[in-house]
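A.B. asks: Here's a structure for you.
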Amino acid sequence: MEKLKSQGRCLYCGQLYNKRSIGKHLDGHLAQEAAKAGSPKGLSFHIRVEAAEMFLELLVDATTPLDSIDGFLRQIWLECCGHMSAFQFKGNYDEDGIPMSRKIGKVFGTGMVLNYEYDFGSTTELAIKVGKSFPMAVPDGIVLLSRNEPLRIMCDKCTTQPATQICTVHIYEEEGFLCEDCAETHEEECEDFADYAAMPVVNSPRMGVCGYMGGSTDIERDGVFVETSN
Ligand SMILES: [Zn+2]
Ligand SMILES: [Zn+2]
Ligand SMILES: [Zn+2]
Ligand SMILES: [Zn+2]
């Protein structure tokens, strides 16, 4: 498989930036926003949530409890059947994690990396990287500044069309990503796929895991890669 390139669209100017440069780009906008006369005074943190090539860029008010970030992550990336989850300081695996009621202003510091786990059985693990803070409140608690656009995941069989389905049995032999046409053929040759092993390709690190069918928020950027002409 060719290396996946991940890009995200900036909330403020609508331009696409690659994974490496979007954070810094957003910081420029955030500094301007914070300096605007009418902006609500307070404190917020720019954080990145990361899992391999996938990312979320968030601005979070310092008074927001970890609970709310947990809820946000479940809605956009994780929730399948109400599994347990926990935030941990990196390298310090305390059984219970950091209390969910704790406000991020009491937990986060610029440069810190936290670990987050959803589901302690088939775990999806995320890194929470705390970036710069800004003297600005976020009235809604959390703002989605950017996220990776659907990755260019192609069909393992024909390699010419975007994959739309996963066979969770054949994924271990690197033949699990299937386009619509190849999924139809696969249904005839793989009993498991016809029976229970078919899952949708979605824009989440929990794709293909447990019963995960996709997010319940920002759904227009969930789903599969669409080839554009440029
Ligand atoms: Zn921008
Ligand atoms: Zn589940
Ligand atoms: Zn195909
Ligand atoms: Zn199969």
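The values are calculated or read from the model by the stated rules, or taken from the named source; none is laboratory data. These numbers come from a predicted model, not from an experiment. Note that we place each Cβ from the backbone using ideal geometry, even for glycine, and neighbour counts take in every protein chain shown. Calculation scope for accessible area: heavy atoms of the full protein, side chains included, ligands and nucleic acids excluded. Shrake-Rupley method; radii C 1.70, N 1.55, O 1.52, S 1.80 Å.
A.B. asks: I need every pair where a residue in the range 167-193 that is within 16 Å of Ile153 (Cβ to Cβ) and within 16 Å of ligand 2 (Cβ to nearest atom) has its Cβ under 6 Å from the Cβ of a residue that is assigned to a strand (DSSP E or B) and at pLDDT 95 or above, sequence separation at least 6 or different chains.
C.D. replies: Thr168/Met199
A.B. asks: So for the range 178-189 (the condition being surrounded by fewer than 18 Cβ atoms within 10 Å (Cβ to Cβ) and among the polar types (S, T, N, Q)), does at least one residue qualify?
C.D. replies: yes
A.B. asks: Within the range 155-179, which residues are near ligand 3 (Cβ under 8 Å from one of its atoms), out of contact with any helix residue (DSSP H, G or I) (no Cβ under 9 Å at 6 or more places or on another chain) and closer than 23 Å to Met54 by Cβ?
C.D. replies: Passing the criteria: Thr159, Cys179.
A.B. asks: Of the residues Lys41, Lys5, only one is in contact (Cβ under 8 Å) with a residue 40 or more places away in the chain, in contact with a strand residue (DSSP E or B) (Cβ under 8 Å, 6 or more places away or on another chain), part of a loop (DSSP other than H, G, I, E, B) and more than 16 Å from ligand 1 (Cβ to nearest atom); which?
C.D. replies: Working: Lys41 fails: in contact with a strand residue (DSSP E or B) (Cβ under 8 Å, 6 or more places away or on another chain).
The match here is Lys5.
A.B. asks: Which number in (1) open to solvent by less than 50 Å² (accessible area, probe 1.4 Å); (2) more than 16 Å from ligand 2 (Cβ to nearest atom) marks the one condition that Gly214 misses?
C.D. replies: (2)
Matching residues to (1) of a type in the set (D, E, K, R); (2) open to solvent by 20 Å² or more (accessible area, probe 1.4 Å); (3) at negative phi:
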residue: Gly42; (1), (2), (3): no, yes, no
residue: Ile47; (1), (2), (3): no, no, yes
residue: Asp61; (1), (2), (3): yes, no, yes
residue: Ser68; (1), (2), (3): no, yes, yes
residue: Phe72; (1), (2), (3): no, yes, yes
residue: Gly91; (1), (2), (3): no, yes, no
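A.B. asks: Also, quick follow-up: Tally up the residues in the range 151-161 that are open to solvent by 30 Å² or more (accessible area, probe 1.4 Å) and within 20 Å of the chain's Cα centre (by Cα), please.
C.D. replies: If we filter the range 151-161 for residues that are open to solvent by 30 Å² or more (accessible area, probe 1.4 Å), which is where we start, we get 152, 156-161.
Pick out the ones that are also within 20 Å of the chain's Cα centre (by Cα) and you get 152.
Count: 1.
Listed here are the residues, each with its yes/no results for (1) more than 16 Å from ligand 4 (Cβ to nearest atom); (2) of a type in the set (D, E, K, R); (3) under 20 Å from Glu174 (Cβ atoms).
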{"site": "Glu189", "(1), (2), (3)": "no, yes, yes"}
{"site": "Tyr196", "(1), (2), (3)": "no, no, no"}
{"site": "Val201", "(1), (2), (3)": "no, no, yes"}
{"site": "Arg206", "(1), (2), (3)": "yes, yes, yes"}
{"site": "Cys210", "(1), (2), (3)": "yes, no, no"}
{"site": "Thr217", "(1), (2), (3)": "yes, no, no"}
{"site": "Arg221", "(1), (2), (3)": "yes, yes, no"}
{"site": "Phe225", "(1), (2), (3)": "yes, no, yes"}
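A.B. asks: Continuing with this model, one more query. Any residue at all in the range 159-170 that is at pLDDT below 95, in a loop (DSSP other than H, G, I, E, B) and within 15 Å of ligand 4 (Cβ to nearest atom)?
C.D. replies: no
A.B. asks: Here's another thing I want to ask about it. Check Ser204, Ser133 and return the single one that is away from ligand 3 (no atom under 16 Å from the Cβ), buried (at least 17 other Cβ atoms within 10 Å of the Cβ) and not in a loop (DSSP other than H, G, I, E, B).
C.D. replies: Numbers: Ser204 fails: not in a loop (DSSP other than H, G, I, E, B).
Sole residue among the options that is away from ligand 3 (no atom under 16 Å from the Cβ), buried (at least 17 other Cβ atoms within 10 Å of the Cβ) and not in a loop (DSSP other than H, G, I, E, B): Ser133.
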